[in-house]
Amino acid sequence: MEKISEGKTKEVFLLDNDHVLLRFKDYVTAGDGAKADIIDGKGVLNAQTSALLFRLLEREGIETHYVGMKDERTMIAKRLNMIPVEVVLRNYATGSIVKRLPIKEGEIFDPPIVEFFLKDDARHDPLLNYHHMRYLKLMNEEEARYIEGIVQRVNAVLTKVVERLNLVLYDFKLEFGRLGNKLLVGDEITLDAMRVREPQTQRILDKDLYRRGYPLEHVKSAYEEFLGRLRNV
Ligand code: C5P
């Protein structure tokens, strides 16, 4: 099968004219690829987590690229024309926003803050506004506003699920692609692209563990625990 692209954590194969296979690798990376390691089985955990969350979104009427699973680490997805933009929604302040702006760790955003970043590791994924996105022919303002609406609906679904796991959803990142005249949620929804914490203890269960230098086994067991809880709700 023809490999049409490969990123830090996934390979993409052309299945047929309308479908791709996304194979989740065991790599974990941070700092735009500056730091990379292998966690055996992480690809399976992320593929399963993503599949479960995509199914949940579909059930709530949010269109995604998800079709089904080929094997435990390989997703069958609609072939989209991906927009190289990362759309981040933040419910609580942490991560890059507290470095960029005079905002303190843990501040609550009500309503949530949505941000767009260019997918460009060499430039460390710069922040984009509507003007940048129009000029770079990424999307027009109407599409950006439509995507903000979708991201808010995804937030409502994910916040509720994560709450049922006794966790709090701090933030998450989505990517979108075009299919005809539609914009669909693509890529993945995993702990690599989402921050969740235990409310009382502030215990972290996501990739921040890796970013902060916790042992790889610790990172893996957090991912396993999250998927385990998710399967039991
Ligand atoms: O680093 P930052 O605070 O901007 O990240 C916001 C959210 O987007 C986090 O959940 C993070 O895991 C995710 N993210 C991502 N891929 C990136 C940058 C951030 O999935 N390249």
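Sum -39500 (n - 2.57) across every DSSP H segment of at least 4 residues in the chain, then divide by the residue count to get the 222 nm mean residue ellipticity, nearest 500.
Numbers: 6 runs with 73 residues, N = 233.
After summing the helix terms and dividing by residue count, I get -10000 deg cm²/dmol.
May I ask you to derive the relative contact order of the stretch 8-151, considering only C-alpha pairs under 8 Å and at least 6 residues apart, and to give it as an integer percent?
Working: 212 pairs, mean separation 23.4, N = 144.
Reported as a whole number, the value is 16 percent.
What is the magnitude of the charge dipole of the stretch 85-233 about its Cα centre, with +1 placed on the Cβ of each Lys and Arg, -1 on the Cβ of each Asp and Glu, and no other charges, expressed in debye to the nearest 20? The partial results should precede the final answer.
On the way: 24 positive and 24 negative charges, 15 e Å.
I would put it at about 80 debye.
Compute the projected area of the convex hull of the Cα atoms of the chain, averaged over all viewing directions, and report it in nm² to one decimal place.
Taking the Cα atoms of the chain, their convex hull projects to 12.7 nm² on average.
Give me the extension gain from Tyr130 to Leu101: residue separation times 0.36 nm, minus the current Cα-Cα distance, reported in nm with one decimal.
Values: separation 29, 0.36 × 29 = 10.44 nm, distance 1.92 nm.
Full-extension gain reported as 8.5 nm.
Exceeding 18 Å between C-alpha atoms, which entries from my cross-link table qualify? They are Lys3/Lys35; Lys10/Lys173; Lys25/Lys182.
Long pairs (Cα-Cα over 18 Å): Lys3/Lys35; Lys25/Lys182.
For the stretch 72-88, in order, what is each residue's ³J(HN,Hα) by Karplus, 6.51 cos²θ - 1.76 cosθ + 1.60 with θ = phi - 60°, in whole Hz (x at glycine and Pro)?
Here the 3J(HN,Hα) series is 5, 10, 10, 9, 8, 9, 5, 7, 10, 8, 6, 8, x, 10, 9, 9, 10 Hz.
Give the calculated FRET efficiency between Glu224 and Glu142 to the nearest 0.05, with a Förster radius of 41 Å applied to their Cβ-Cβ distance. Kindly include the intermediate steps, with their values, before the conclusion.
Numbers: r = 41 Å, r/R0 = 1.01.
Once the sixth-power term is evaluated, E becomes 0.50.
Report, in debye and to the nearest 20, how large the dipole of the stretch 3-58 comes out about its Cα centre when Lys and Arg carry +1 and Asp and Glu carry -1 on their Cβ. Working shown, then result.
Details: 8 positive and 9 negative charges, 27 e Å.
Dipole of the stretch 3-58, to the nearest 20 debye: 120 debye.
Work from the charge dipole of the chain (Cβ charges, +1 for Lys and Arg, -1 for Asp and Glu, about the Cα centre) and give the residue of Ile83, Gly213, Leu101 farthest towards its positive end.
Going by the charge dipole, the pick is Leu101.
With point charges of +1 on the Cβ of Lys and Arg and -1 on the Cβ of Asp and Glu, referenced to the Cα centre of the stretch 1-73, which listed residue (Gly33, Thr49, His65) lies farthest in the positive direction of the dipole?
Positive-most Cα among the choices belongs to Gly33.
FYI, it's all coordinate maths here, none of it is from the lab. What you are looking at is a predicted structure, and each value in this text was computed from that prediction instead of being measured. Every residue, glycine as well, gets a Cβ built from its backbone with ideal geometry; the counts of neighbours run over all protein chains shown.
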